Amino acid sequence: MQSTHSPEQKSLILSSLQRYFNENFDTELNDLQADLLLDYIIREIAPFAYNKGVEHARAYFEARLDDLPGV
């Protein structure tokens, strides 16, 4: 999966990752480390969150379709 974030969004995300590691692990990530971590998250973790969101949306719309005759 490839990132579709704008350069501005990516910069904000990388800053957020660096801040999170600094606050929670007393570790400072340099720009390359933060970028590699973001790539890993997008490639390995994001698909699970995306699929869960799609599943929730599908369930929501199915429930609304089931109720359509009552409306």
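Only the coordinates and a few stated rules stand behind these numbers; no lab work does. Quick caveat: nothing in here was measured; it's all calculated off a predicted structure. Methodologically, a virtual Cβ is constructed for each residue, glycine included, from the backbone with ideal geometry; neighbour enumeration extends over all protein chains shown.
The Cβ shell under 15 Å around I42 holds other residues with a net charge of -1, Lys and Arg each +1, Asp and Glu each -1.
Based on alpha-carbon atoms, the Kirkwood radius and the radius of gyration of the chain give Rg/Rh equal to 1.24. Were the residues from R19 through N51 laid out at 0.36 nm apart, the gain over their Cα-Cα distance would be 8.8 nm.
In this structure, the amide hydrogen of L29, modeled 1.01 Å from its nitrogen in the peptide plane, lies closer than 5 angstrom to those of N22, counting only residues at least 5 positions away or on a different chain.
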